[in-house]
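Throughout, read-outs are computed from the coordinates displayed, never taken from laboratory work. A quick note: this is a predicted structure, and the numbers were derived from the prediction, not measured. All Cβ positions, glycine included, derive from the backbone under ideal geometry; neighbour counts span all protein chains shown.
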Amino acid sequence: MNLSLLHTPDGVRDFYGKELDNKNSIMNRFEETIKSYGYDEIQTPTLEFLNVFLEDEDYLYQTKTFRFIDRDGETLVLRPDYTPSVARCAVKYFSDENIPIRFFYKGNAFSNKGLYEGKAIEVTQMGIELLKDDTALADAEVLEIVVKNLLSIGLEEFKICVNTKEGNTDRLDKVFEILDKMGYSKYITYDPDIESNFKYYTGILFKVYTYGVGDSICKGGRYNSLLEKYGEGAPAVGCVFMIDNILQSLKKQKINVEDENNSKTFVVYKEGAENEAVNKARELRESGVPCVTVSDSLFNDELKKKCEENDYRIIIL
């Protein structure tokens with residue numbers, strides 16, 4: 001065994017088994033909620049031109065992007081953030097639409113952090129962007145989705161810390177009033193210290209915290225000037241869920257969100273009963289039950305223990 005080939009670079013890691021099941025379950029539940037608000041999924045490239053993100057020296061992207069030179073001499077970057085990519089895409093394909101546009105996305109983003117920072121350089125994100133709507137209700141809708149998503153996975157002890165970059169406290173008061181009428185005021189608090197490393201935010205700004213993780217699990221805000229960078233200005237507001245941080249907080253709080261359909265049934269068969277095992281497995285799978293067939297010669301103590309630990313059903317033929 002070549003141990004040198006088994007390691008991953010610093011800042012990235014493998015996900016598998018129950019942890020990956022939980023991670024996917026989080027995103028499945030979020031997607032169900034997000035779609036109920038009329039958001040359509042969008043996929044943007046993992047590789048973008050550097051100038052999609054880089055505008056001036058104040059941008060966080062100046063020093064913390066993975067950069068490549070393509071065969072034509074153009075500088076490309078691994079996507080460090082979804083919002084500029086979505087804004088670019090919206091201007092390119094939806095400039096002629098004068099109606100509110102709702103997108104959601106999910107995937108990995110990359111940040112070239114130094115080793116001393118001790119943070120992941122590849123993270124899974126899922127987020128929403130509500131474009132061409134400059135109302136207080138649009139701000140409140142994003143925050144409402146944040147609350148409903150976190151409640152849907154069993155998180156109840158969290159706080160959304162809100163600030164505003166424009167100094168418009170009347171607008172902020174209106175957003176708070178809307179959320180209070182929704183019954184969500186206990187999750188919202190004003191925090192004048194909330195800031196962002198991304199310079200494109202112009203209005204409401206927020207970060208979400210819970211215990212069990214040392215960083216925010218969601219963040220977002222209003223960015224009314226970003227789309228103008230790509231050719232046509234439009235108001236916009238959105239947020240991003242830091243899925244890996246959420247996964248860590250659920251683990252610390254001992255909250256399991258694995259979907260029921262991730263449970264398996266093991267059909268254990270003796271030699272000569274292969275056809276019977278295949279028929280039984282087909283019956284279970286057609287009824288929506290994930291099924292594994294395994295010979296009794298392979299159904300050892302280790303596999304029995306795994307079934308017991310995961311509450312897998314066992315059928316012995």
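Using only DSSP helix segments of four residues or longer, with each worth -39500 (n - 2.57), what per-residue ellipticity at 222 nm results for the chain after dividing by its residue count and rounding to 500? Please report the intermediate quantities before stating the final value.
Details: 7 runs with 95 residues, N = 317.
Calculated at 222 nm, the ellipticity per residue is -9500 deg cm²/dmol.
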Please report, for the Cα atoms of the chain, the Rg to one decimal and the Dmax as a whole number; what are they, in angstrom?
-> 23.3, 76
The range 169-214 - Rg (one decimal) and Dmax (whole number), Cα, Å = 12.4, 34
Which of 171, 13 has the fewest Cβ neighbours within 10 Å, and the rest in rising order | 13, 171
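Take the Cα radius of gyration of the range 263-316 and divide it by 2.2 N^0.38 Å, with N its residue count; two decimals is plenty. It would help to have the intermediate numbers written out before the result.
Values: Rg = 10.8 Å, N = 54, 2.2 N^0.38 = 10.0 Å.
Here the Cα radius of gyration is 1.08 times the empirical estimate.
Could you work out the relative contact order of the chain, using alpha carbon pairs under 8 angstrom and six or more residues apart, expressed as a whole percent? Before the final figure, lay out the partial values.
Values: 522 pairs, mean separation 51.0, N = 317.
Relative contact order here is 16 percent.
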Identify, among 206, 291, 91, the residue whose Cα sits farthest towards the positive end of the charge dipole of the chain, taking +1 on the Cβ of Lys and Arg and -1 on the Cβ of Asp and Glu, with the dipole about the Cα centre.
-> 291
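Order these peptides, 306-313, 24-31, 153-160, by their mean beta-carbon neighbour count within 10 angstrom, highest first. Kindly include the intermediate steps, with their values, before the conclusion.
Working: 306-313: 12.8, 24-31: 19.4, 153-160: 16.5.
In descending order of packing, they fall as 24-31, 153-160, 306-313.
Can you give the Rg to Rh ratio for the range 163-304, taking only C-alpha atoms and Rh from Kirkwood? Can you show the working numbers first?
Numbers: Rg = 25.5 Å, Rh = 20.1 Å.
Checking Rg against Rh, the ratio lands at 1.27.
Give me the dipole magnitude in Debye, nearest 20, for the chain about the Cα centre, with unit charges on the beta carbon: positive for Lys and Arg, negative for Asp and Glu.
500
When you count, for each residue, the other Cβ atoms within 10 Å and take the mean per peptide, how do 132-141, 191-200, 92-101 rank with the highest first?
On the way: 132-141: 18.8, 191-200: 14.8, 92-101: 12.3.
Result, highest mean Cβ count within 10 Å first: 132-141, 191-200, 92-101.
With N denoting the number of residues in the range 99-227, provide Rg(C-alpha) divided by 2.2 N^0.38 Å, to two decimal places.
Numbers: Rg = 15.0 Å, N = 129, 2.2 N^0.38 = 13.9 Å.
Taking N as the residue count of the range 99-227, the ratio is 1.08.
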Across every pair of different alpha-carbon atoms, what Kirkwood hydrodynamic radius in Å does the range 14-153 reach?
-> 17.0
At a Cα cut-off below 20 Å, give the lysines reachable from residue 165, other chains included and same-chain residues fewer than 8 away excluded.
-> 132, 174, 199, 207, 219, 229
Which of the listed residues, 53, 28, 66, is farthest toward the dipole's positive end in the range 1-98, when Lys, Arg count +1 and Asp, Glu count -1 at the beta-carbon?
-> 28
Nearby lysines by direct alpha-carbon distance to residue 306 (threshold 18 angstrom, same-chain neighbours under 8 apart not counted) = 18, 264
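If the only charges are +1 at each Lys and Arg Cβ and -1 at each Asp and Glu Cβ, what is the size of the charge dipole of the range 263-316 around the Cα centre, to the nearest 20 debye?
For the range 263-316, the charge dipole is close to 140 debye.
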